[in-house]
Amino acid sequence: MRNRIKKVYVACAAAMLALGGCDLLDVSNPNDLVEEDVRQEAAATAVVNGALTLMSSSVSQSWQPYLVASDEMSWIGSRDAWLSLDQGFLDDPFNEFIDGPFPAMGQGRWMTDEAVEILTEHLGNNPTSDAFKTDLARAQLYSGIMYMMIGEIQEDFAFSDKTESGAPVGPGNMSSVLDGAIQRFNEAVTGFSAVGDADMSMAAMALRARAQQSRAIWDAINPSPSGNGLVNATSAAADAQAVIDAAGGNDADWAYNLEFSSASRSNSMAGWVNDRKENQIDVSIATRSDQNDINGIALMDPIDGVADPAVIKWLNQWKGGSYLDKGGIYPDLTLASTRMMHLILAENALAGGNDDMFMMHINHIRAMDESTPFSGQIDNMEMLQHTRRVNVLLQGLRLADMYRWGLTDPLWQTPSAAMAKPGTMLPISIIEVRANCHLNGQGCGG
């Protein structure tokens, strides 16, 4: 999505945390920066903080239509476009809830890449500066998150540059976007390691592990799902084990979260779910009152027969304390965790025929919740699918898992893309189609 109000937009992105927003009508605003100001070395940290805010906002907006199309969330409100997504019609570029988040996705992608470019220049001019090394590593991390999210949830994407239209990547080439995420995480790991920031280096490795596994999952569902859906991502496994070790060992329950607050931005998805109540956690996961509030857990642990403790963990986070609370608009969103790392290693083991290793990693996850160890009480594939579902809840991964394992939502309609063409993700939305000369049929000549 091109930025048509360049000066104001860049000023907002760079100074967002300090200014709390920009008034487009206040032409005498002394805080209205031009792009040259943003490129000053003194603004470096503000640029990266602005990139973080835009990236976090984009994730919170973009995940929601993806999750409503899956069996993690469902429509309970008054806006029929959510119902269309809930029924599996996720390929409609005119859908307002596909179209609405698209500009934020474009802005977040552009600003995180811009931050990388700016900090690369600053570090080139000051090659011994640990401050610039740290900010560059942060910028690369945030850019990697944007590319990872786009590669995970989008059917296609166009990398436009403000008013200059970019050609679409093409559905068959979207794996290259995930490759781009992995490369950015490579740079982030190197950068954080260079300044001795072990915690952020671990976070970057965890995100790289997720991106590497998502890259393998992309192959499993494109051009259409095939086989048993298991993936064996060797590079993801190496990172996953390194993260587990760095976090404190096999039973360490660590997560990397995006945080939201009144000082930055709210979590848009939480606004729609907890505040507006247009959507809600799916009834396969949580039960509802007559007022459509969560009043219990529907998804049971397959061994202990109790409300799954991992579901409780993530819904407590989502509601800001207890899953029975109304919840607010600032809950964290988890992007990576040691639970996810064990899941990567467990799946690799199962795909490779190592049942003992599979069971070991499943039980490290179960130990975090003090659950009964798994010892073959149910089929291994069933155990993997359940454990992954409850431990990456509300983390932007469910629809791809449903596709690769042949799972369907009871609400999906027969003619919907989710049913008729499994593997379909979110399209380039109409706001971009109309503005992009590569897509609108007007041509890019002249």
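Observations, loosely collected:
- In the stretch 57-93, of all residues being assigned to a helix (DSSP H, G or I) and surrounded by fewer than 20 Cβ atoms within 10 Å (Cβ to Cβ), the one that is farthest from the chain's Cα centre (by Cα) corresponds to Asp80.
- All of Leu258, Leu207 fail the test of being touching a Leu at 6+ places or on another chain (Cβ under 7 Å) and closer than 30 Å to Gln291 by Cβ, apart from Leu258.
- Residues satisfying the stated conditions in the stretch 313-362, i.e. touching a His at 6+ places or on another chain (Cβ under 7 Å) and hydrophobic (A, V, I, L, M, F, W, C): Leu345, Ala346, Ala349
- Selection status of Val38, crowded, with 24+ Cβ neighbours inside 10 Å and either in the same structural domain as Trp110 (by TED's automatic domain parsing) or of a type outside the set (D, E, K, R) (or both): no
- Test for Ala167: is it touching a residue at least 12 places away in the same chain (Cβ under 8 Å), surrounded by fewer than 17 Cβ atoms within 10 Å (Cβ to Cβ) and over 15 Å from the mean Cα position of the chain (by Cα): yes
- A residue that is outside any loop (DSSP other than H, G, I, E, B) and out of contact with any Ser or Thr (no Cβ under 6 Å at 6 or more places or on another chain) occurs nowhere in the stretch 223-232.
- Some residue of the stretch 297-311 being within 20 Å of the chain's Cα centre (by Cα), crowded, with 22+ Cβ neighbours inside 10 Å and modelled with pLDDT of 95 or more: yes
- Residues located in the stretch 243-264, provided they are of a type outside the set (Phe, Trp, Tyr), under 25 Å from Met383 (Cβ atoms) and within 22 Å of the chain's Cα centre (by Cα): Val243, Ile244, Ala247, Asp253, Ala255
- Pairing each residue of the stretch 328-344 that is farther than 11 Å from Asn391 by Cα and aromatic (Phe, Trp, Tyr) with any residue that is modelled with pLDDT of 95 or more and part of a loop (DSSP other than H, G, I, E, B), provided the two are 6+ apart or on different chains, yields C-beta distances under 7 Å for Tyr330/Phe260; Tyr330/Ser261; Tyr330/Ser266; Tyr330/Asn267.
- Qualifying residue in the stretch 398-413 (condition: surrounded by fewer than 22 Cβ atoms within 10 Å (Cβ to Cβ), under 17 Å from the mean Cα position of the chain (by Cα) and not assigned by TED's automatic domain parsing to the domain that holds Pro93): yes
- Here Asn391 clears all of (1) within 22 Å of Phe157 (Cα to Cα); (2) touching a helix residue (DSSP H, G or I) at 6+ places or on another chain (Cβ under 7 Å); (3) polar (S, T, N, Q) except the condition numbered (1).
- Where Glu96 falls short, out of the listed (1) farther than 19 Å from Ala44 by Cβ; (2) surrounded by 24 or more Cβ atoms within 10 Å (Cβ to Cβ); (3) without any contact (Cβ under 8 Å) to a residue 60 or more places away in the chain: (2)
Table: residues versus (1) of a type in the set (Val, Ile, Thr); (2) surrounded by fewer than 20 Cβ atoms within 10 Å (Cβ to Cβ); (3) closer than 25 Å to Ser58 by Cα.
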site: Lys277; (1), (2), (3): no, yes, yes
site: Gln291; (1), (2), (3): no, yes, no
site: Ile294; (1), (2), (3): yes, no, no
site: Ser322; (1), (2), (3): no, yes, no
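The values are calculated or read from the model by the stated rules, or taken from the named source; none is laboratory data. None of the values given here were measured: they were computed from a predicted structure. Glycine also receives a Cβ, built like all others from the backbone with ideal geometry; neighbour counts cover every protein chain displayed.
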